[in-house]
Amino acid sequence: MTVPDPGREPRPDRGPGVVVVGVDGSAGSLAALDHALGDAARRRAGLRLVVAVDPPQPWAPTYRPTLLPVPDDLLDAAVRVGRGWARDAAARRRLATGSGPVDEPGDEPAVEVRAVPGPAAAVLLDAARDADLLVVGHRGRGAAASVLLGSVGLLGSVALRCLLEACCPVTVVPPVPVPRPVTEPVPLTVTPVPAG
């Protein structure tokens, strides 16, 4: 689902543009990365992969969170992991399109990986201020919440906040279903055929 921003004017003075995608390693965010990579390639735009790093904060005796800075080592590790996700997505794209060997660079867009401290929705909204498109994964709340909340219940809080507050169009990508492994034996019948 993509929600356009009707009040937004095209900006011809800008370069080729940028597509922003939020990735946290979940199935929904990796599906969003695959979608964003293809969309950026079609637009001939750059891709900005954003990893929000929001570690749990200790609580002070006054029952308020104590906001500690996120260590640089943690941000560096998140950037390395993000680069790995981007490489994997590019390989999946080359494999799916047949555009070249999986282990060689293809015509993918330039990818910038950022690890930013803070809550995911706030980090993504800030990263998308100059973007042409924001792509987020869809985690959802399940069928029971959908009955109680209607279609809003199908979206997670990050996707919903991005849809409501982003200053650019937003695409929400559902996770790709993962095939389940066969857990029961599959019956196999072999009928001998008499030799000729």
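Quick note: the coordinates plus some simple rules give every number you see, no bench work behind them. Here the structure is a predicted model, which means the values were calculated and not measured. Cβ: placed from backbone, ideal geometry, glycine included. Neighbour counts: every protein chain shown.
Remarks
- Derived scalar couplings between HN and Hα for the stretch 167-173 equal 9, 9, x, 10, 10, 9, 10 Hz in order, rounded to whole Hz, by the Karplus curve 6.51 cos²θ - 1.76 cosθ + 1.60 (θ = phi - 60°), x for Gly and Pro.
- Length available on full extension from ASP88 to ALA27: 0.36 nm per residue minus the Cα-Cα distance, which gives 20.6 nm.
- For GLY156, the residues whose amide H sits under 5 Å from its own are ARG139, GLY140, ignoring neighbours fewer than 5 places away on the same chain, with H placed 1.01 Å from N.
- Footprinting exposure proxy for ASP73, ASP39, ASP54 (fewest neighbouring C-beta atoms within 10 Å first): ASP73, ASP54, ASP39
- Interchain or long-range residues, amide H under 5 Å from GLU112's placed H: LEU47, ARG48, LEU49
- For the stretch 31-48, Karplus couplings with θ = phi - 60° (6.51, -1.76, 1.60), whole Hz, Gly/Pro x: 5, 5, 4, 4, 5, 5, 4, x, 5, 5, 5, 5, 7, 6, 10, x, 10, 10
- Residue-span extension gain [VAL81 to ASP54] - 0.36 nm each, minus C-alpha spacing: 8.2 nm
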